[in-house]
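**Student:** Please find one structure pasted underneath; my questions will follow.
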Amino acid sequence: MWDALASPLFFADETEPSGDFAIARPLRVNDQIRIRTVRVIDDEGNQLGVMPTENALDLARTKGLDLIEVSPTAAPPVCRIGDYGRLKYEQAKKDKDARKKHRHFELKEVKLRPKIETHDYETKARMAERLLMDGGKVKVTIMFRGREITYTGFGRKLLDRMAVDMAPIATIEREAKLEGKNMFMILAPRAVPTGPPKFTSQAPAAPAATAPAPQGVAVNA
């Protein structure tokens, strides 16, 4: 692993609440560390104090690990002995999880017409429920065409209906607003739902297991 250091990772000057170093800027590792003395933390988290960088490198080599500069702005800089490849893997996993979490909060749109039929409305409502239950925010848009724009009251009632139907699992983040020929509102998922969704069926609870009858006792059909 000593030679797996061609591409730098990142460093930060502060630690996260968990005690791990929050990675923010390019790291220096092993021979890339040019300072004469460093403060060293070993691979078990023990403070080894200040020592010549050459000694810290030798110590990392004897453990088959890397010397990673995690806080270069400290005086002297802080280095940690650890597995650089594993650190890169863990950081990549954190970045992936962060991107996944960010996607959950992307704004999705559900479009309706002011004269929508009941069946079509319920289909759109189920779509909105699924998006909200996945943790996303939903923009509900009423699209007016031509002279329909003179009947914005119908669109407002439709948005009010959607807000009421989504109330167990969502709150109104942005009230209904008319922009051009569209009227919209934004719904955000509740942290704790107040009830089940209205249109999306829930999986039925598993039936309770029937205890076996004692041996020798007849069971009526």
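The values are calculated or read from the model by the stated rules, or taken from the named source; none is laboratory data. Computed from a predicted structure; not experimentally measured. Note that each Cβ is placed from the backbone with ideal geometry, even for glycine, and that neighbours are counted across all protein chains shown.
**Student:** Note down all Cβ pairs under 6 Å where the first residue falls in region 161-180 and is small (Gly, Ala, Ser), the second is assigned to a strand (DSSP E or B) and surrounded by fewer than 18 Cβ atoms within 10 Å (Cβ to Cβ), and they're at least six residues apart or on different chains.
**Tutor:** Correct list of pairs: Ala163/Ile172.
**Student:** I need the full set of residues from region 62-121 which are at pLDDT below 80 and of a type in the set (Phe, Trp, Tyr), in order please.
**Tutor:** Of everything in region 62-121, just one residue is at pLDDT below 80 and of a type in the set (Phe, Trp, Tyr), namely Phe105.
**Student:** Quick one: in region 42-58, of everything that is free of Cβ contacts under 8 Å to residues at least 12 places away in the same chain and part of a strand (DSSP E or B), which residue is surrounded by the most Cβ atoms within 10 Å (Cβ to Cβ)?
**Tutor:** For region 42-58, the residue satisfying everything is Leu48.
**Student:** Okay, next question. Which of the residues spanning region 110-134 are acidic (Asp, Glu) and in contact with a Phe, Trp or Tyr (Cβ under 8 Å, 6 or more places away or on another chain)?
**Tutor:** Residues satisfying the conditions are Glu122, Glu129.
**Student:** From the residues in region 1-57 that are among the polar types (S, T, N, Q) and at pLDDT 50 or above, which one is farthest from the chain's Cα centre (by Cα)?
**Tutor:** Asn55
**Student:** Could you please find all residues in region 148-164 being small (Gly, Ala, Ser) and over 20 Å from Met127 (Cβ atoms)?
**Tutor:** Of everything in region 148-164, just one residue is small (Gly, Ala, Ser) and over 20 Å from Met127 (Cβ atoms), namely Gly153.
**Student:** Only residues that are in a helix (DSSP H, G or I), of a type in the set (A, V, I, L, M) and surrounded by 16 or more Cβ atoms within 10 Å (Cβ to Cβ): list them for region 156-202, please.
**Tutor:** If the condition is that a residue be in a helix (DSSP H, G or I), of a type in the set (A, V, I, L, M) and surrounded by 16 or more Cβ atoms within 10 Å (Cβ to Cβ), then Leu158, Leu159, Met162, Ala163, Met166 are the ones that fit.
**Student:** Name every residue in region 163-221 that is modelled with pLDDT of 90 or more, among the hydroxyl-bearing types (Ser, Thr, Tyr) and outside the structural domain of Thr123 (by TED's automatic domain parsing), in order of residue number.
**Tutor:** Thr194
**Student:** Here's another thing I want to ask about it. Limited to region 127-155, what total is found for residues that are of a type in the set (Gly, Ala, Ser), touching a strand residue (DSSP E or B) at 6+ places or on another chain (Cβ under 9 Å) and in a helix (DSSP H, G or I)?
**Tutor:** Matching residues across region 127-155 total 2.
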